[in-house]
Amino acid sequence: MPIEAPDLSFAALAPLLFVLGAACVGVLVEAFGPRESRHPVQVGVALVGTLGGLVTTLLLAGTQEVTAGGALAVDGAGLFLQATIAALGALSVLLFAERNLDPARSAFVVSAAVPAGSARDRELLTVQRVQTEVYPLATFAVGGMMLFVTANDLLVMFVALEVLSLPLYLISGLARRRRLLSQEAAVKYFLLGAFASAFFLYGLALVYGATGSVRLSAVRDAVGAGQSDTLLVLGLALLVVGLLFKASVAPFHTWTPDVYQGAPTPVTAFMAACTKVAAFGAILRLLYVAFGTEEWTWRPLVYGVAIVSMVVGAVLGLTQTDLKRMLAYSSVAHAGFLLVGVVGFPATGDPAGSGLPAVLFYLLAYGTTTLGAFAVLTLVRSGDGEATHLSQWAGLAQRSPLTAAVMSLFLLALAGIPLTSGFTGKFAVFRAAIEDGAWPLALVALLASAIAAFFYLRVIVLMYFSEPAADGPTVGVPGMPTTIVLAVTAAATLVLGVVPGAVLGLADRAAIFVG
Amino acid sequence: MSDSLLLVAMVVVPAVGAAVVAGLPKHRTATARQLALGVSLVVLVLAVLATVAFDPDGDRFQLTTSVPWIPGFGVDFALGVDGIALVMLLLVGVLVPVVVLASWEDTAPPNRSMRTFFAWLLLLEACMVGVFAATDVFLFYVFFEAMLVPMYFIVGSFGGPRRQYAAVKFFLYSLVGGLVMLAAVIGLYVVSEAAGEGTFAFESLRQLDIDPGVQRLLFLGFFVAFAIKAPLVPLHTWLPDAGAEAPVGGAVLLVGVLDKVGTFGFLRYCLPLFPEASREFAPLVLVLAVAGVLYAALLAMGQTDMKRLVSYTSIAHFGFIALGVFAFTTEAGTGAVLYMVNHGIATGLLFLVVGMLIARGGSRLVGDYGGVASRAPKLAGVFLVAGLASLALPGTNSFVSEFLVLIGSFPTRPVFTVLATVGIILAALYVLLLYQRTMHGPPRGVLFPAGDAADDAADGAAGGAAPHGATAPPAGAGHGATAAPAGGGHGAHGATATLTAPAPARSGGASRMYDLTRRETLVVAPLVALVLVLGVYPQPLIRLIEPAVAATMSDVGAGSAPSEGTD
């Protein structure tokens, strides 16, 4: 039987081609480029790739087609998420490229293969050589994420999951300081991530067994016809577990605090922002496109998981003393809030449904804010690396009012105070849930927001109302890249809070799934 | 029409002013406070202009503006005032310049700048205007929550020794209430969506006919937020902390204006939007209100910290206001709104005077003061006016409002009204006891070091204060004897409770004791004048308030209008 070449719409594929192409160029540069000029060239290539991806998705706005033999669905929601990922990815690359903050000019280890603590490692610690492999790796991850959110086929989704995960496992082990912590984080992430992938794969197999297809639309038709329920429900549950893991939703969140803490902060920022967007993109597509007619099976599951995630994130967040871990639990809580929006989704294709646009908007708002918050963390440093212990932040406002003000803005947004993007996002998802009759869930979400507000507030209290410690941290003067990131994320946080109309409208128009 | 821009200007001017003040260099405190005063006076002028432009017999909402803000949510930036909101704006307009003047010579705690204080103050003013002027429920919610941030920083950065605790407690209480209200706000939108077009506009929402079951839930959502804000017993515990730890200027606005948002919310949102639920829950609210009147008054008597004492008196007063609102008669409602204004003036004045006393003595404890009147008669006089106004003596402004509340409530709720009148007696007790302990008796306490105090007593006896010493020697002696050990005990305590930024650095001893300065006189003069003027001639305010209250009461199907309204 001859293998037919699938029809490819290169225009619709352009964003993916751009980003993955840039990643390949990055690998070539790594192999053949001269070491002296490698860093600027790699940064340039990664930026061209991600920004190119952003521009091409924006140019594609309004496209709705299924291409590559039905394996990819380029639609409104997919493009919105791709643009979000590309934009956040470009900002992350800028964070990676910061060279002014660490005395050794980079947040990444020079040679990851040298054992931590060895003589060679100590020698390399002060060398100003920089590691540049992180750029093509991150670009690959961005490419994988962009593929993930447009995958119209469970197999493609799995491939994308691996393409985005493998580079992430690697780059979370590349911290220059506290290397053992970083390597432990990478191993942990890899092992648990491998489990999650296995779950996903097994679920995929069961769904294939039940429906005879891995194509989302075919699954939907089979589900509609009411075939072999047990296999299907099991398969759906396993698929969802795999995705919830990536989205760091409790009770599948246990890796999150450790990995967020151990990974180099720019990588944490990248993971917190982009991985969340990508994972939720896939969850939305799976649930709404493939199982939209089978709403009754996943709704109670998502309902329950949302409550667990919000409560776990908010309550455990209270007990944290490390800012990166605190933001990790905050990310778990926010995953719960996002699921509240996912629940607020009526049957597929219903234009009146406000769940999908709400989640799209929330992802953009949360992504920019959390990226900004982690960017601020890179600025505050003590002797060996970043000062992430809460007590070190006491009185920061007196040392550096601007840093404290920007951090407060992000924290208030995460807490959901009006006139910040976080409030608009929360309002949108809660409205979607209440409209759909899920008001008890919305009430739980509101109470969880109140609890979570306490730990965000605690940081503000520390920064503003406490006296600075005598041997407190120093606040580094960021170079151009981090400054750009901070300016863009802070501006986005404000604009999406004060005049969110245009972006909300965009999310509303984009809220279409084909396939 | 340019009138419609008045309200917008009242929000924008202080907000811009805040930004400008915040942008000043750190050491330019003088410029900052002059600017703050200027801006707040401009807002006062705008408020007066708005009052002039307002026609009490005209439409319910006037000076309206509405521009789409977030079309996706159906939210408009809609401002407008009825009589109730208008008098609250006037109160804001009067109190903010007074607070700026009162904080004129305050020194910021180490490493902080008064410039920041004034910037937060102006931002707070913008939010306060917004919260009263909003006619879109979403916009109201936004201002309601945004208001927390400046107040949080004012308490947390510039407050007393336990400011961190107080600021966080204040923020969390209000935030929890606000979030519950958010659920109700969204619920309201969903209801309006089911009934046709989704909207947050107050006027359209008012015309909805909401199912009683849903009404109950939504009412509770709003009610919890407002009851925390107002605050009603048992949700009041944040106020004594916040009131005591806030800097005096902050405390005046906290108790004088911010808390009024709660009772304003009852009138503006709970009653008209959920009339049936309001009627149903009225007995419960009245129980809380009357419990608050009595319980807070008793607690006030037991306080040793003057700022906490004043905070508790406000909780008692809020009980009266809630009684007036939920008695469902136009008289009582009008009395309640008038009470909101008068309480802002009277309690604001009391806080300011107490603050001046604390600035002299550096302690907040009642037991650390005594016989102040002999050295500072003007201060004592103003203290007396403020105290009498807050116990609602006839002739002061509060009397009119308290009287209106009571006669308005009696026909519909005789039992609650009678119980509440007991609160009047308790009010007389706590005010007069405070006054007697701090102002009269032999000079003693932190302001009069031991040796000096004896001299002073002799001076007093020789001078004009003879009747006091001569006619009641046993009482005076007894008082002195009991007070001495108590004073000693408090002295040790006082050392820990002393403010971080006490009085201006005058050389210690009795020379710290001085009467009202010219600036302080300027601070209290407008409020004293208002206490007296509104005590004898409240008619202009009642004229503004009454139509709006009557409209509200007809929404809820009660009041002097006999129609059954919305049923």
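Of everything in the range B:135-152 that's under 19 Å from the mean Cα position of the chain (by Cα) and facing another protein chain (nearest Cβ under 7 Å), which residue is nearest to residue B:305 (Cα to Cα)?
Looking at residues that are under 19 Å from the mean Cα position of the chain (by Cα) and facing another protein chain (nearest Cβ under 7 Å), I get B:149.
Take the residues of the range B:156-171 that are touching a residue at least 24 places away in the same chain (Cβ under 8 Å) and either assigned to a loop (DSSP other than H, G, I, E, B) or facing another protein chain (nearest Cβ under 9 Å) (or both): which is surrounded by the fewest Cβ atoms within 10 Å (Cβ to Cβ)?
Start the filter on the range B:156-171 by keeping residues that are touching a residue at least 24 places away in the same chain (Cβ under 8 Å), which leaves B:157-163, B:165-167, B:169-170.
Still in the running and either assigned to a loop (DSSP other than H, G, I, E, B) or facing another protein chain (nearest Cβ under 9 Å) (or both): B:157, B:159-163, B:167.
On the way: B:157: 23, B:159: 28, B:160: 23, B:161: 15, B:162: 13, B:163: 24, B:167: 28.
Result: B:162.
Taking the condition within 30 Å of residue A:93 (Cα to Cα) and among the acidic types (Asp, Glu), does residue A:508 pass?
Working: within 30 Å of residue A:93 (Cα to Cα): yes; among the acidic types (Asp, Glu): yes.
It is true that residue A:508 is within 30 Å of residue A:93 (Cα to Cα) and among the acidic types (Asp, Glu).
Name the pairs: first residue in the range B:119-131 and free of Cβ contacts under 8 Å to residues at least 60 places away in the same chain, second residue in a helix (DSSP H, G or I), Cβ to Cβ under 6 Å, at least 6 apart or on different chains?
Taking only residues 6 or more apart or on different chains, the pairs are B:127/B:143; B:127/B:146.
For the range B:180-195, name all the residues that are facing chain A (nearest Cβ under 10 Å) and either free of Cβ contacts under 8 Å to residues at least 24 places away in the same chain or under 21 Å from residue A:457 (Cβ atoms) (or both).
Once the filter is applied, which keeps residues that are facing chain A (nearest Cβ under 10 Å) and either free of Cβ contacts under 8 Å to residues at least 24 places away in the same chain or under 21 Å from residue A:457 (Cβ atoms) (or both), the range B:180-195 yields B:180, B:181, B:182, B:183, B:186, B:190, B:193, B:194.
Using the structure shown, decide if residue B:128 is more than 10 Å from chain A (Cβ to nearest Cβ) and either crowded, with 24+ Cβ neighbours inside 10 Å or not hydrophobic (A, V, I, L, M, F, W, C) (or both).
Details: more than 10 Å from chain A (Cβ to nearest Cβ): yes; either crowded, with 24+ Cβ neighbours inside 10 Å or not hydrophobic (A, V, I, L, M, F, W, C) (or both): yes.
Yes, satisfied.
Being more than 7 Å from chain B (Cβ to nearest Cβ) and either of a type outside the set (Ser, Thr, Tyr) or without any contact (Cβ under 8 Å) to a residue 12 or more places away in the chain (or both) is the filter; apply it to the range A:442-458 and report the residue that is farthest from residue A:411 (Cα to Cα). Before the answer, list the steps.
Going residue by residue through the range A:442-458, those that are more than 7 Å from chain B (Cβ to nearest Cβ) are A:444-445, A:447-448, A:451-452, A:455-456, A:458.
Now narrow it down to the ones that are either of a type outside the set (Ser, Thr, Tyr) or without any contact (Cβ under 8 Å) to a residue 12 or more places away in the chain (or both): A:444-445, A:447-448, A:451-452, A:455, A:458.
Details: A:444: 21, A:445: 18, A:447: 17, A:448: 15, A:451: 14, A:452: 10, A:455: 9, A:458: 10 Å.
The qualifying residue farthest from residue A:411 (Cα to Cα) is A:444.
If residue A:399 meets every condition in (1) within 28 Å of residue A:125 (Cβ to Cβ); (2) of a type outside the set (Gly, Ala, Ser); (3) more than 13 Å from every other protein chain (Cβ to nearest Cβ) apart from one, which number is that one?
Residue A:399 satisfies all of (1) within 28 Å of residue A:125 (Cβ to Cβ); (2) of a type outside the set (Gly, Ala, Ser); (3) more than 13 Å from every other protein chain (Cβ to nearest Cβ) except (3).
Residue B:44: at positive phi and more than 14 Å from chain A (Cβ to nearest Cβ), yes or no? Explain how you work it out, then say what you get.
Working: at positive phi: no; more than 14 Å from chain A (Cβ to nearest Cβ): yes.
No, not satisfied.
Quick one: which residue in B:177, B:198 is within 12 Å of chain A (Cβ to nearest Cβ), outside any helix (DSSP H, G or I) and under 27 Å from residue A:429 (Cα atoms)? Talk me through it step by step, then tell me what you get.
Numbers: B:177 fails: outside any helix (DSSP H, G or I).
Unique residue meeting the criteria: B:198.
Here are some conditions: (1) hydrophobic (A, V, I, L, M, F, W, C); (2) within 14 Å of another protein chain (Cβ to nearest Cβ); (3) assigned to a helix (DSSP H, G or I). Residue B:37 meets all but one. Which one does it not meet?
Single failed check for residue B:37: (2).
Among the residues of the range A:424-441, is any surrounded by fewer than 24 Cβ atoms within 10 Å (Cβ to Cβ), small (Gly, Ala, Ser), closer than 22 Å to residue B:138 by Cβ and at the interface with another protein chain (Cβ under 10 Å from one of its Cβ atoms)?
Taking every residue of the range A:424-441 in turn, at least one turns out to be surrounded by fewer than 24 Cβ atoms within 10 Å (Cβ to Cβ), small (Gly, Ala, Ser), closer than 22 Å to residue B:138 by Cβ and at the interface with another protein chain (Cβ under 10 Å from one of its Cβ atoms).
Restricting attention to the range A:404-423, report how many residues are part of a helix (DSSP H, G or I), at the interface with another protein chain (Cβ under 10 Å from one of its Cβ atoms) and under 17 Å from residue B:142 (Cα atoms).
3
On the basis of being of a type in the set (Asp, Glu), surrounded by fewer than 20 Cβ atoms within 10 Å (Cβ to Cβ) and under 28 Å from residue B:343 (Cα atoms), does residue B:3 make the cut?
Numbers: of a type in the set (Asp, Glu): yes; surrounded by fewer than 20 Cβ atoms within 10 Å (Cβ to Cβ): yes; under 28 Å from residue B:343 (Cα atoms): no.
The answer is no for residue B:3.
Go through (1) under 30 Å from residue B:543 (Cβ atoms); (2) assigned to a helix (DSSP H, G or I); (3) free of Cβ contacts under 8 Å to residues at least 12 places away in the same chain for residue B:30 and report which single condition fails.
(1)
Does the range A:27-38 include one or more residues that are surrounded by fewer than 16 Cβ atoms within 10 Å (Cβ to Cβ), aromatic (Phe, Trp, Tyr) and over 27 Å from residue A:358 (Cα atoms)?
Scanning the range A:27-38, I find at least one residue that is surrounded by fewer than 16 Cβ atoms within 10 Å (Cβ to Cβ), aromatic (Phe, Trp, Tyr) and over 27 Å from residue A:358 (Cα atoms), so the answer is yes.
Given the criterion more than 9 Å from chain B (Cβ to nearest Cβ) and modelled with pLDDT of 90 or more, identify the matching residue among A:485, A:475, A:499.
On the way: A:475 fails: modelled with pLDDT of 90 or more; A:499 fails: more than 9 Å from chain B (Cβ to nearest Cβ).
Step by step, each of A:485, A:475, A:499 is checked, and only A:485 is more than 9 Å from chain B (Cβ to nearest Cβ) and modelled with pLDDT of 90 or more.
Is there any pair with a first residue in the range B:58-78 that is more than 10 Å from chain A (Cβ to nearest Cβ) and closer than 15 Å to residue B:142 by Cα and a second that is among the acidic types (Asp, Glu) and in a strand (DSSP E or B) whose Cβ atoms are under 6 Å apart and which are 6 or more apart or on different chains, and what are they?
Partner pairs satisfying both residue conditions: B:76/B:136; B:78/B:136.
Return only the number of the condition from (1) within 13 Å of chain B (Cβ to nearest Cβ); (2) under 25 Å from residue B:157 (Cβ atoms); (3) surrounded by fewer than 17 Cβ atoms within 10 Å (Cβ to Cβ); (4) without any contact (Cβ under 8 Å) to a residue 12 or more places away in the chain that residue A:505 does not satisfy.
Going through (1) within 13 Å of chain B (Cβ to nearest Cβ); (2) under 25 Å from residue B:157 (Cβ atoms); (3) surrounded by fewer than 17 Cβ atoms within 10 Å (Cβ to Cβ); (4) without any contact (Cβ under 8 Å) to a residue 12 or more places away in the chain one by one, residue A:505 breaks only (2).
Which ones in the range A:463-482 are surrounded by 20 or more Cβ atoms within 10 Å (Cβ to Cβ) and not in a loop (DSSP other than H, G, I, E, B)?
A:463, A:464, A:465, A:481, A:482
Looking at (1) under 26 Å from residue B:49 (Cβ atoms); (2) away from every other protein chain (no Cβ under 12 Å); (3) within 25 Å of the chain's Cα centre (by Cα), which is the one condition that is false for residue B:117?
Answer for residue B:117: the failing condition is (1).
Going through the range A:459-472 one residue at a time, which ones are facing chain B (nearest Cβ under 8 Å) and under 24 Å from the mean Cα position of the chain (by Cα)?
Hits for the range A:459-472: nothing passes.
Read through the list (1) surrounded by fewer than 24 Cβ atoms within 10 Å (Cβ to Cβ); (2) in contact with a Phe, Trp or Tyr (Cβ under 6 Å, 6 or more places away or on another chain); (3) assigned to a helix (DSSP H, G or I), then give the number of the only condition that residue B:80 fails.
(3)
Quick one: residue B:392 ticks every box in (1) more than 16 Å from the chain's Cα centre (by Cα); (2) under 21 Å from residue B:428 (Cβ atoms); (3) not in a helix (DSSP H, G or I) bar one, so which box is it?
The number of the failed condition is (1).
Take the residues in the range A:362-393 that are touching a Gly at 6+ places or on another chain (Cβ under 7 Å) and at pLDDT below 95; name whichever of them is nearest to the other protein chains (Cβ to nearest Cβ). Give the derivation first.
Start the filter on the range A:362-393 by keeping residues that are touching a Gly at 6+ places or on another chain (Cβ under 7 Å), which leaves A:362, A:365-366, A:369, A:379, A:381, A:392.
Subset that is at pLDDT below 95: A:379, A:381, A:392.
Working: A:379: 20, A:381: 21, A:392: 17 Å.
So the residue we want is A:392.
Identify the residue in the range A:459-471 that is touching a residue at least 60 places away in the same chain (Cβ under 8 Å) and among the hydrophobic types (A, V, I, L, M, F, W, C) and, among all such residues, is farthest from residue B:168 (Cα to Cα).
A:469
Can we say residue A:480 is more than 10 Å from chain B (Cβ to nearest Cβ) and under 27 Å from residue B:142 (Cβ atoms)? First the steps, then the outcome.
Numbers: more than 10 Å from chain B (Cβ to nearest Cβ): yes; under 27 Å from residue B:142 (Cβ atoms): no.
So residue A:480 does not fit the description; no.
What are the residues in the range A:425-441 that are over 18 Å from residue B:178 (Cβ atoms) and free of Cβ contacts under 8 Å to residues at least 12 places away in the same chain, if any?
A:437, A:440
The values are calculated or read from the model by the stated rules, or taken from the named source; none is laboratory data. Small disclaimer: the values here were computed from a predicted structure and weren't measured. Positions of Cβ are generated from backbone atoms using ideal geometry, with glycine treated the same way; all protein chains shown enter the neighbour counts.
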